[in-house]
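Notes for the one structure printed next.
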Amino acid sequence: MANTQPDQHFDLCIEDNNRNHQTDEITTKRLIVRRGQDFKICLRKSINGVSELKRESIIFVTEPGTQKLHQYGRKKVFGLSSSNTKNDWKASVLREDKAVIQINIFPPSDAIIGLHSLNLQISDVQQTRNISLGEFVILFNAWCPEDAVFLQNQEERKEYVMNENGFIFVGNAEYISKVSWNFGQFDEDIVDICLKLLDESLESHKNELQDYTKRNDPVYISRVLSAMINCNDDNGVMYGKWDGNYDDGTSPTSWSGSCSILRLWYSSRFRPVRYGQCWVFAAVLCTALRCLGIPARVVTNFESAHDTDGNLTMDEYYDITGKMISTNRRDSVWNYHVWNECWMERRDLPAGYNGWQALDATPQETSNGIYCCGPAPVKAIKEGDINLKYDCPFIFAEVNADIVQWIVPNKTSAPERVYQDSSKIGKHISTKAVGTNGRMDITSNYKYDEGSEKERVVFKKALEMRNKPNTGNQVPEDKPAPNPPPSKPGVKLRLKLKESPVFGQDVQLIVLLTNLTSSRKQVNIHLNVQAIENNGTQMNVVCQKDDLLDLKPSSERSAGYLVPYSLYKTSLTESNLLKVSAVGEVTDTKEKILAERNVTLDSPALKIEKPENAILRTPCRVTIRFVNPLPEELRKCKLFMEGNGLVMGTIDRGLGSLKSGNSFTIHVDLIPYKKGKKTLQVLFTSDKIKNIKENLDIDVSP
């Protein structure tokens, strides 16, 4: 039997309890338990003036840990019992000897999560004594079958609750890359910060007691966190910004972990951190969800629609030069968009919608007046059941909207529809695979195969539901009249890359023309290259090219075009994205054809060498190398390093300047403070190359 500490009358058995509740990664200094699972305490029989503690005199009281909630009397009072009930707090004797009673305390599987206090009342005929046993934290429990967040598969629990490191997929549908991220949900201070997110929410400030009583519901908690990760309505964690100007803060691409962001927010007394974009919002939300015990993962949707008017159609407009032009409509197609999924039962919905729920902290549109999104059952998105809460119509459009492209010949001409596609939106929906660093494609979770009869049936079902007169979802007509789709083109136009481009190198484009007729054709080609942001915002025009190409009957012809580094280097944003558009005009028929693609320029390589051995609390050395690939000098070179279990906080190294073709090699001594597989994130930045990232997995031995 465990003994109480020599100088105390009780022992909360913190190390044993935290290990049994999978919270010892957070701390072994204070009690953190998961609901629906016993934890043990030991009481001396001679305690607080009582010479012989009797079972029948023992009463326990739990209260909210926040002092201002005590006024509402929200406490649980319970004595020792041998009952097997699992729907309320209870205590039972585990073992007993002459000096000590060991007791199991059971928080029910629907207990309110957060900070609590535990008190002991000892009652006899003479008096009642009250003894404070201390504070403890309750989390959701993915290991408990009765908890709404129960996840049966052990490997999935390791990935979606316990994994402190991961990858986020970025790039574009033709070129998917990944960045590593340090979620760090088990850093000791992060649990307090995540609970503070709940305290600072609009819901808590509006009605503190009502908010507290709902904190047993993962649907409610996830929705509150979705609102609190952005700051659009409250003292949330981050500002979102997409205009490329981040001089008064930190560029979204500079972050590589959640902990530094959450700590900045907390230490500044809840002033929003500058700046984030979709993958940063999603990563920080993933940290908060996993920290509080809700299984969560980060999901990337390539070619993601932002449908502001709810008509499930995205319209893109191009002028005759191939330049994408803005309209009064706010619809846009994001190169990629990142959100979260959290795992839970939906006890608030009809049967059949348990499991993964889509949740989005990026402030795009309001939901019930607040910038949050979800949780929406992924199953409901796939089946077109967009009448279910929360925000199913918006998420359905993100993965399933149809796209229509228009050419505007001049200011006085009506737009001409040249292309309509039901398969372009929602490509390669991706998340990190369980137990590996690979990519798992989960597109089939969100929709049936593109072009299949079932997919079109679901789309029609959703469209009809959006347009029902009694729903208030009628679609405004603010776009040109939908003239019939163009007839089958006589000439086909495509765009290709000669090779995957790297920042600092010239981009080599290939225009492919196919003559589908038996007549000779001439085609005027107008090629336009623009810098864009990830959310589709058009930035500077890099270059425009015009050409006249002859096509023999039933033949194909290609033409190459160069976009020099000297042209794009001053226009490119930190997203490293170019939109290439080509408009073709067939001279004899006046037929117009369009091709476009987004091009992601890859970053130059940063190399990290693994140490020979990594032992807990023992210095180990990593080596980092970089070669300047640009035809010019790099200035203001800096290196940043962070990694849960490897680096306390962030390492910041100034490196000065680096001439073209030159390299640097630096050695960094780390002192690992957690055992197991840990990930080091390294970021290199300079005046001309921004935010090159690389990561290294390091196995730390005890």
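For this structure, a couple of remarks:
- Failed item, numbered, when residue 569 is tested on (1) surrounded by 14 or more Cβ atoms within 10 Å (Cβ to Cβ); (2) over 29 Å from residue 242 (Cβ atoms); (3) among the basic types (Lys, Arg): (2)
- Among residues of the range 545-558 that are in a strand (DSSP E or B), those with a beta-carbon under 9 Å from a residue that is open to solvent by 90 Å² or more (accessible area, probe 1.4 Å) and of a type outside the set (A, V, I, L, M) at least six positions away or on a different chain give the pairs 549/557; 550/520; 550/557; 551/520; 551/557; 556/492; 558/496.
- Residues that are of a type outside the set (Phe, Trp, Tyr) and open to solvent by 30 Å² or more (accessible area, probe 1.4 Å) within the range 215-239 comprise 216, 217, 223, 232, 233, 235, listed in sequence order.
- Residue count for the range 664-687, restricted to those that are closer than 20 Å to residue 604 by Cα, aromatic (Phe, Trp, Tyr) and open to solvent by 20 Å² or more (accessible area, probe 1.4 Å): 1
- Every residue from the range 178-201 that is under 30 Å from residue 496 (Cα atoms) and either of a type in the set (Phe, Trp, Tyr) or in contact with a Ser or Thr (Cβ under 7 Å, 6 or more places away or on another chain) (or both): 180
- Restricting attention to the range 389-435, the residues being open to solvent by 40 Å² or more (accessible area, probe 1.4 Å) and at pLDDT 90 or above number 6.
- The set of residues in the range 329-348 that are assigned to a strand (DSSP E or B), open to solvent by 10 Å² or more (accessible area, probe 1.4 Å) and touching a helix residue (DSSP H, G or I) at 6+ places or on another chain (Cβ under 7 Å) contains only 343.
- Residue 690 vs. criteria surrounded by fewer than 21 Cβ atoms within 10 Å (Cβ to Cβ), in contact with a helix residue (DSSP H, G or I) (Cβ under 7 Å, 6 or more places away or on another chain) and at pLDDT below 95: yes
- Among the conditions (1) free of Cβ contacts under 8 Å to residues at least 60 places away in the same chain; (2) surrounded by 21 or more Cβ atoms within 10 Å (Cβ to Cβ); (3) part of a strand (DSSP E or B), residue 621 misses just one, which is (2).
- The strands (runs of 3 or more DSSP E) falling completely within the range 203-322 that include 1 or more residues that are touching an Asp or Glu at 6+ places or on another chain (Cβ under 6 Å) and among the hydrophobic types (A, V, I, L, M, F, W, C) map to 296-306, 313-319.
- Among the residues of the range 12-25, those identified as modelled with pLDDT of 95 or more and open to solvent by less than 60 Å² (accessible area, probe 1.4 Å) are 12, 13, 14, 16, 17, 18, 21, 22, 23.
- Condition check for residue 444: modelled with pLDDT under 90 and among the small types (Gly, Ala, Ser): no
- Looking only at residues in the range 79-97 that are under 42 Å from the mean Cα position of the chain (by Cα) and not charged (D, E, K, R), the one that is surrounded by the fewest Cβ atoms within 10 Å (Cβ to Cβ) is 84.
- Of residues in the range 577-591 being assigned to a strand (DSSP E or B) and open to solvent by 10 Å² or more (accessible area, probe 1.4 Å), the one farthest from residue 408 (Cα to Cα): 579
- Flag if residue 559 is touching a Ser or Thr at 6+ places or on another chain (Cβ under 7 Å) and farther than 14 Å from residue 690 by Cα: no
Results for (1) open to solvent by 10 Å² or more (accessible area, probe 1.4 Å); (2) under 17 Å from residue 74 (Cβ atoms), shown as yes or no for each residue.
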| residue | (1), (2) |
| --- | --- |
| 104 | yes, no |
| 108 | no, yes |
| 111 | no, yes |
| 114 | no, yes |
| 117 | yes, yes |
| 122 | no, no |
| 128 | yes, no |
| 135 | yes, yes |
| 140 | no, no |
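- Tally of residues being touching a Phe, Trp or Tyr at 6+ places or on another chain (Cβ under 7 Å) and open to solvent by less than 40 Å² (accessible area, probe 1.4 Å) across the range 592-604: 4
- Residue 148 being of a type in the set (A, V, I, L, M), outside any strand (DSSP E or B) and under 25 Å from residue 189 (Cα atoms): no
- Residues of the range 38-78 classified as surrounded by 14 or more Cβ atoms within 10 Å (Cβ to Cβ) and in a strand (DSSP E or B), total: 17
- Scanning the range 490-528 for residues that are among the basic types (Lys, Arg) and more than 14 Å from residue 586 (Cα to Cα), we see that the one that is surrounded by the fewest Cβ atoms within 10 Å (Cβ to Cβ) is 498.
- For the range 649-664, the set of residues classified as of a type in the set (S, T, N, Q) and outside any strand (DSSP E or B) consists of 650, 660, 662, listed by residue number.
The values are calculated or read from the model by the stated rules, or taken from the named source; none is laboratory data. Because the structure is a prediction, the values reported are computed rather than measured. When we count neighbours, we look across all protein chains shown, and the Cβ atoms used for this are built from the backbone with ideal geometry, even at glycine. The accessibility values were calculated without ligands, DNA or RNA, using every heavy atom of the protein model including side chains. Shrake-Rupley method; radii C 1.70, N 1.55, O 1.52, S 1.80 Å.
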